[in-house]
There are 2 protein chains.
Amino acid sequence: MGEFDLIERFFKRPTPQTDSAHAANAPPGVGIGDDCAVLPIRPHTQLAVSSDMLVEGTHFFPNTDPRRLGHKALAVNLSDLAACGARPLAFTLALSLPEVNEHWLSEFSAGLFALADAHNCPLIGGDTTRGPLNLSITVLGEVYVAHGQTQALLRSGAQVGDDIYVSGQLGDARWALMVLQGQLKLPQALSEPHHGSPTQDSPLFAAAQLRLEQPTPRMALGLALRGIAHAAIDVSDGLVGDLHHLLQASSAHLKTPEPLGASLNTEAALGLMAAAHYLPKDLVLRCVLSGGDDYELLFTAPPSARAAVQTTALASHTPVTRIGTLEATPGLRLLDAHGKELGGADKYKSFDHFSSQLA
Amino acid sequence: MGEFDLIERFFKRPTPQTDSAHAANAPPGVGIGDDCAVLPIRPHTQLAVSSDMLVEGTHFFPNTDPRRLGHKALAVNLSDLAACGARPLAFTLALSLPEVNEHWLSEFSAGLFALADAHNCPLIGGDTTRGPLNLSITVLGEVYVAHGQTQALLRSGAQVGDDIYVSGQLGDARWALMVLQGQLKLPQALSEPHHGSPTQDSPLFAAAQLRLEQPTPRMALGLALRGIAHAAIDVSDGLVGDLHHLLQASSAHLKTPEPLGASLNTEAALGLMAAAHYLPKDLVLRCVLSGGDDYELLFTAPPSARAAVQTTALASHTPVTRIGTLEATPGLRLLDAHGKELGGADKYKSFDHFSSQLA
């Protein structure tokens with residue numbers, strides 16, 4: 001099968017029609033098949049752009065379920081749009097494949113398009129070539145402009161005194177990865193109900209593996225937080241590492257003499273991992289604080305917005321937990337349930353692809 | 001060196017300022033460093049998007065000069081914008097690297113940014129990870145909308161009776177590749193003036209190698225052809241293959257009962273390769289008609305536009321050659337200088353990455 005046949009068979013779909021919500025006068029867009037895709041952009045919007053690359057052996061195991069991989073390749077990009085409060089418009093896919101495996105391609109494209117359809121985000125172009133397995137997606141979204149101000153959620157808008165929130169769960173992707181890598185033996189309490197296959201058949205492990213392999217981008221929450229959150233980022237490198245990015249960007253924006261800091265309530269954080277009761281507390285903290293690959297939204301909002309944040313969470317069907325406070329004092333403080341400092345925050349560093357997760 | 005240090009050192013540059021030609025009221029864009037880049041888009045424009053991936057061993061040799069590679073990775077994407085008559089806005093780079101080689105990164109980014117700066121096309125985001133060498137770029141451009149009509153040049157606008165043109169030279173990239181692959185021994189006439197190193201020091205070979213490794217995207221010509229050309233495509237797969245794509249798209253658009261065809265003047269085509277006099281005629285024809293990797297513009301325009309096309313070529317400092325005619329009769333006909341059909345057009349098939357160039 002050649003490149004053009006492959007695209008025709010697995011990736012070509014009817015040219016997306018211009019969304020009826022788009023300006024009625026805008027000429028229709030042109031999808032896959034020309035040198036470029038041409039997209040109408042609505043007035044009073046800006047374009048949000050993000051690119052993420054997933055590489056076999058670095059970001060996923062060679063035997064990863066291709067349907068989940070198709071989902072994840074787009075999900076990690078959509079998550080960046082969510083963190084900016086952007087609405088998805090379209091995406092491109094550049095795909096390097098070692099061979100044409102029709103089953104793999106069929107499953108991969110099914111997972112990819114299921115998520116794309118759920119978010120009304122058509123594939124509009126890309127590239128297919130031979131080489132080591134590599135999935136490179138660029139996603140385009142729109143953010144609104146009101147009164148000359150962008151409505152994008154940025155990392156740089158946090159203020160001293162802001163509450164710190166995180167959506168959904170944290171840490172599950174990391175302990176699932178540790179089990180798959182053979183670094184962590186599944187505790188008996190988790191594997192007991194399942195005779196014969198102690199690690200792979202536990203429902204809690206299966207749920208954690210799903211979080212690793214098929215993360216949920218928090219699109220509705222991201223859109224709903226516009227005008228409520230001061231700053232947002234998605235948790236891909238790990239909570240502490242991404243909080244550090246947010247603090248850095250906000251400090252730079254505020255031109256504070258010293259970098260901003262934060263206190264985190266570790267009890268609230270521990271509660272974010274479904275399997276927390278079955279694993280050692282230190283491991284749970286490491287997974288939650290620096291696990292990475294969570295694709296949850298980490299955001300800040302003023303205390304006056306607490307009711308609005310909870311309403312937003314309910315309306316977007318996304319759990320949100322308040323886990324800390326943004327402070328003028330530099331550094332990160334880990335507190336227990338009584339607000340007493342635990343120490344040891346320094347060891348929860350960011351995930352960095354060059355001290356690679358899988359390698 | 002970690003991912004964030006690497007980006008900071010080799011790829012972070014001052015946030016691009018909003019072009020003064022942009023709407024004065026548009027909020028400024030946000031560059032590298034947030035979850036997404038946020039770009040203002042001017043009224044009465046549409047977005048043009050293209051993604052291309054270059055893989056080591058498939059698209060370039062492991063020892064390719066990294067500065068040229070940085071140029072080429074962006075050039076092949078810009079060429080797609082040129083073929084649509086789009087003006088570059090910005091690009092993202094997703095980069096997978098087997099190791100952090102500072103010399104390589106420094107040279108690569110120098111080549112990349114030199115071309116980006118020449119076309120006022122800033123890097124606004126991307127991804128860096130560990131893995132087999134892979135360069136994935138998505139370029140964004142703007143096309144104008146006038147009277148509710150897109151001004152984008154498309155593949156699908158060609159008409160029966162149109163002249164067929166190509167810019168610049170064709171075929172040089174292919175014979176340079178054949179020499180580098182050891183498939184073609186440099187003819188003595190080309191190597192003679194250079195004692196000692198018969199293949200690598202000939203000026204004609206060096207020029208052809210430059211065409212392979214550092215192609216020139218025809219941005220000015222693409223922009224200038226709007227309103228003159230009926231259809232355009234860039235020659236990446238080879239002249240015959242890309243002409244076939246243009247004919248297919250235009251036939252579909254016109255809903256012709258049979259696919260459109262074309263006659264090509266092979267004498268004019270032979271003249272497009274600088275080394276034509278020194279190589280066997282059959283080889284020259286193969287390089288010109290199906291070599292690929294040329295990144296020239298192939299376009300059609302009505303005979304009434306001949307003077308306008310030549311004026312456009314002069315104004316954009318880009319040679320343009322009329323090489324054929326678009327016809328209602330399906331198929332491709334190769335003609336000699338006297339208009340007599342040569343036959344054998346079928347053997348000049350398209351380059352396809354899955355019958356890979358380098359593998």
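Brief remarks on what is shown
- Value of D in µm² per second that Stokes-Einstein yields for the protein assembly as shown, Kirkwood Rh from Cα pairs, at 25 °C (0.890 mPa s): 91 µm²/s
- Shielding by partners for peptide A:137-143, expressed as the average number of C-beta atoms from other protein chains within 10 Å of each residue's C-beta, is 5.
- Using a probe of 1.4 Å, the accessible surface attributed to A:Lys340 totals some 140 Å² when neighbouring protein chains are kept in position.
- Summed buried accessible area for A+B [probe radius 1.4 Å, Å², rounded to 100]: 5300 Å²
- Surface composition of region B:55-117: carbon plus sulfur atoms contribute 47% of the solvent-accessible area (1.4 Å probe, protein chains only, all chains present).
- Label-point spacing at B:Gln149 relative to the other copies reads 4.2 nm, in ascending order, each point sitting 7 Å out from Cα along Cα→Cβ.
- Percent RCO, i.e. relative contact order, over region A:184-333, from Cα pairs under 8 Å lying at least 6 residues apart: 35 percent
- In this structure, the pairs whose alpha-carbon distance is over 29 Å, taken from A:Lys72/A:Lys340; A:Lys255/B:Lys72; B:Lys255/B:Lys281; A:Lys185/A:Lys347; A:Lys281/A:Lys340; B:Lys185/B:Lys347, are A:Lys72/A:Lys340; A:Lys255/B:Lys72; B:Lys255/B:Lys281.
- At a Cβ-Cβ separation cutoff of 4.7 angstrom, cysteine residues of the protein assembly as shown with no neighbouring cysteine are A:Cys121, A:Cys287, B:Cys121, B:Cys287.
- With its label point defined 7 Å out from Cα along the Cα-to-Cβ axis, B:Ala114 lies at 4.8 nm from the matching points of the other copies, in increasing order.
- Inter-label distance, A:Asp336 to B:Asp346: 8.4 nm, where each label sits 7 Å from its Cα along the C-beta direction.
- Using a simple spin-label model with pseudo-atoms 7 Å out from Cα toward Cβ, A:Lys255 and B:Leu254 lie 6.3 nm apart.
- Solvent exposure, largest accessible area first (probe 1.4 Å, DNA, RNA and ligands not counted), of B:Thr325, B:Thr128: B:Thr325, B:Thr128
- Residue-count net charge about A:Leu260 - beta-carbon cut-off 13 Å; Lys, Arg +1, Asp, Glu -1: 0
- With contacts taken as Cα pairs under 8 Å at a separation of at least 6 residues, chain A carries a relative contact order of 21 percent.
- Around the Cα centre of chain B, unit charges on the Cβ atoms of Lys, Arg, Asp and Glu (plus for the first two, minus for the last two) sum to a dipole of about 700 debye.
- Net charge of neighbours whose Cβ lies under 11 Å from the Cβ of A:Ala94, counting Lys and Arg as +1 and Asp and Glu as -1: -2
- In the complete set of protein chains, residue-level accessible area for A:Trp104 is approximately 40 Å², probe 1.4 angstrom.
- When you restrict to C-alpha pairs under 8 Å that are six or more residues apart and normalise by the size of region A:109-258, the relative contact order lands at 29 percent.
- Neighbours of A:Glu213 by Cβ distance under 10 Å: Lys/Arg scored +1, Asp/Glu scored -1, total +2.
- Counts of other chain beta carbons within 10 angstrom of each beta carbon in peptide B:150-161 average 3.
- For the protein assembly as shown, the solvent-accessible area with a 1.4 angstrom probe is 39 square angstrom per residue.
- Long-range amide H partners of B:Leu184 with built H, under 5 Å: B:Val179
- Protection-proxy order for peptides B:147-155, A:131-139, each taking the mean of Cβ atoms within 10 Å per residue, highest first: A:131-139, B:147-155
The values are calculated or read from the model by the stated rules, or taken from the named source; none is laboratory data. Being a predicted model, the structure only gives us computed values, none of them experimental. Counting neighbours? That spans all protein chains shown, and the Cβs are built from the backbone with ideal geometry, glycine included. Protein only, heavy atoms only, side chains kept; ligands, DNA and RNA dropped before computing areas. Shrake-Rupley method; radii C 1.70, N 1.55, O 1.52, S 1.80 Å.
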